[in-house]
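*Asks:* Structure incoming, see below.
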């Protein structure tokens, strides 16, 4: 009997120790501030630098180096002011003459891409329809006041000015510029979509092509 | 004659048989459970230098992933946004908040914010974000419900077995190109069939399983 009792004690202590260690180790998926452990360490870290990685050699610690002064861009020079700045070639710094016509040929697909980009970059503040009722605007509670694209003044804006607003921002970064996020084609596609949004409330029957009117039986007389 | 071994020694083989097999089971189970990246990697939630909340920005305010992580559709990696992107709003919104001091310092001194990387692969394997997005794998499939996380944590083990699970049978994780960044969309619940989608119709919906696809 003595022997059995002793075994019981041993048994229960083993079970207890097991459970204790299990609770201390934790379960799968438990939150932890410790980085993942990789049991096999062969070539996990390498001497080359990945994107946005650290390099202690430089003072700022960036492996990516900022462009030095006088860096010349690869590819064709961007001299076409109409396309890249939305300005007529004869406009000056203080007297910009904005282009009135989009200097790219855009298809329906481009406008759909413009919509996709508008939804990503513009809707947080300007809202899906452009009424400046985006969720960020609502939450900020008056700290930011994005313009309503259906305003009289916005309707009168030439496309070049809208392009410039997207590219460089407006009013000393009141609206940030999206030069680094959007390519030139994307920016013009967004401009086209903004124009399309404005048309949704201003279009008349005259704006509809004749063949579509004929197809639906619409006429100008209604 | 007095026996050399006492009688209880007759049971040693029995005890040893049970004990050794239990021990073996415990060791195998322990290694299976605890040595897996599902235990070692999932749940990694580092403290970030700025208490940025994806739950607020992506969840409550519905900002698209690529507003900040712009270029993920075109590049191999999903970029951490520049301080410029943050300051686009935060030069007005909460502009004096002490919680954003690190951001303002970074913006003024042109030094990087020391974000702690959450998802990182060993350097011998390569992952391309744009290829996966083009193939129709959305953000949520690997990163989980980021729009519910105050602090980002890892929900996927990022192990090779986990990668191959999907590369061998990708169909359940394919979603329409318009829903890639939608956190709530569930292709299964919507009855979405990738093979009928004109975007994927002429493509081979099959992840590569060759070693050289990732280890190059």
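*Asks:* Cβ contacts < 7 Å: first residue over 21 Å from residue B:145 (Cα atoms), restricted to segment B:156-169; second residue crowded, with 17+ Cβ neighbours inside 10 Å and at pLDDT below 95, any location; separation 6+ or different chain. Result?
*Replies:* Hits for this filter: B:167/B:207.
*Asks:* A further question on this structure: Could you please give the count of residues in segment A:158-181 that are touching a residue at least 24 places away in the same chain (Cβ under 8 Å) and closer than 22 Å to residue A:201 by Cβ?
*Replies:* Final tally of qualifying residues: 7.
*Asks:* Related question: Does residue B:198 fit the bill of being closer than 30 Å to residue A:62 by Cα and either assigned by TED's automatic domain parsing to the domain that holds residue B:74 or within 17 Å of the chain's Cα centre (by Cα) (or both)?
*Replies:* No.
*Asks:* Out of segment A:149-169, which residues are surrounded by 16 or more Cβ atoms within 10 Å (Cβ to Cβ), within 26 Å of residue B:68 (Cβ to Cβ) and more than 9 Å from chain B (Cβ to nearest Cβ)?
*Replies:* The answer is A:149, A:162, A:163, A:164, A:165, A:166, A:167.
*Asks:* Against the definition (modelled with pLDDT under 95 and either closer than 29 Å to residue B:139 by Cβ or touching a strand residue (DSSP E or B) at 6+ places or on another chain (Cβ under 7 Å) (or both)), how does residue B:71 come out, yes or no?
*Replies:* Yes, satisfied.
*Asks:* When the residues of segment A:39-57 are narrowed to those that are surrounded by 12 or more Cβ atoms within 10 Å (Cβ to Cβ) and over 24 Å from the mean Cα position of the chain (by Cα), which ends up nearest to the other protein chains (Cβ to nearest Cβ)?
*Replies:* The qualifying residue nearest to the other protein chains (Cβ to nearest Cβ) is A:44.
*Asks:* Given the structure, is residue A:177 at negative phi and within 14 Å of chain B (Cβ to nearest Cβ)?
*Replies:* yes
*Asks:* Turning to a different aspect of this structure: Given the options B:107, B:52, B:35, name the one that is free of Cβ contacts under 8 Å to residues at least 12 places away in the same chain and buried (at least 17 other Cβ atoms within 10 Å of the Cβ).
*Replies:* Selected residue: B:52, the only one of B:107, B:52, B:35 that is free of Cβ contacts under 8 Å to residues at least 12 places away in the same chain and buried (at least 17 other Cβ atoms within 10 Å of the Cβ).
*Asks:* Starting from residues that are free of Cβ contacts under 8 Å to residues at least 24 places away in the same chain and touching a helix residue (DSSP H, G or I) at 6+ places or on another chain (Cβ under 7 Å), keep the ones in segment B:70-88 and report whichever is surrounded by the fewest Cβ atoms within 10 Å (Cβ to Cβ).
*Replies:* Going through the qualifying residues, I end up with B:81.
*Asks:* While we're on this one: Quick one: is residue B:66 more than 8 Å from every other protein chain (Cβ to nearest Cβ) and either closer than 30 Å to residue B:123 by Cβ or modelled with pLDDT of 95 or more (or both)?
*Replies:* In short, no.
*Asks:* Taking residue B:47, is it touching a residue at least 12 places away in the same chain (Cβ under 8 Å), more than 14 Å from the chain's Cα centre (by Cα), surrounded by fewer than 14 Cβ atoms within 10 Å (Cβ to Cβ) and part of a loop (DSSP other than H, G, I, E, B)?
*Replies:* Judged against the criteria, residue B:47 is a match.
*Asks:* Against the definition (in the same structural domain as residue B:184 (by TED's automatic domain parsing) and either in a helix (DSSP H, G or I) or in contact (Cβ under 8 Å) with a residue 60 or more places away in the chain (or both)), how does residue B:67 come out, yes or no?
*Replies:* yes
*Asks:* Do we find that residue A:21 is at pLDDT below 75, more than 7 Å from chain B (Cβ to nearest Cβ) and under 53 Å from the mean Cα position of the chain (by Cα) in this structure?
*Replies:* yes
*Asks:* Assess whether residue B:118 counts as being more than 9 Å from chain A (Cβ to nearest Cβ) and either within 26 Å of the chain's Cα centre (by Cα) or closer than 20 Å to residue A:136 by Cβ (or both).
*Replies:* yes
*Asks:* What do you reckon, is residue A:188 touching a residue at least 24 places away in the same chain (Cβ under 8 Å) and either assigned to a helix (DSSP H, G or I) or touching a helix residue (DSSP H, G or I) at 6+ places or on another chain (Cβ under 7 Å) (or both)?
*Replies:* Yes; evaluated as a whole, the condition is true for this residue.
The values are calculated or read from the model by the stated rules, or taken from the named source; none is laboratory data. Keep in mind that this is a model prediction, so the values were computed, not measured. FYI the Cβ positions are ideal-geometry reconstructions off the backbone, even for glycines, and counts take in every protein chain you see.
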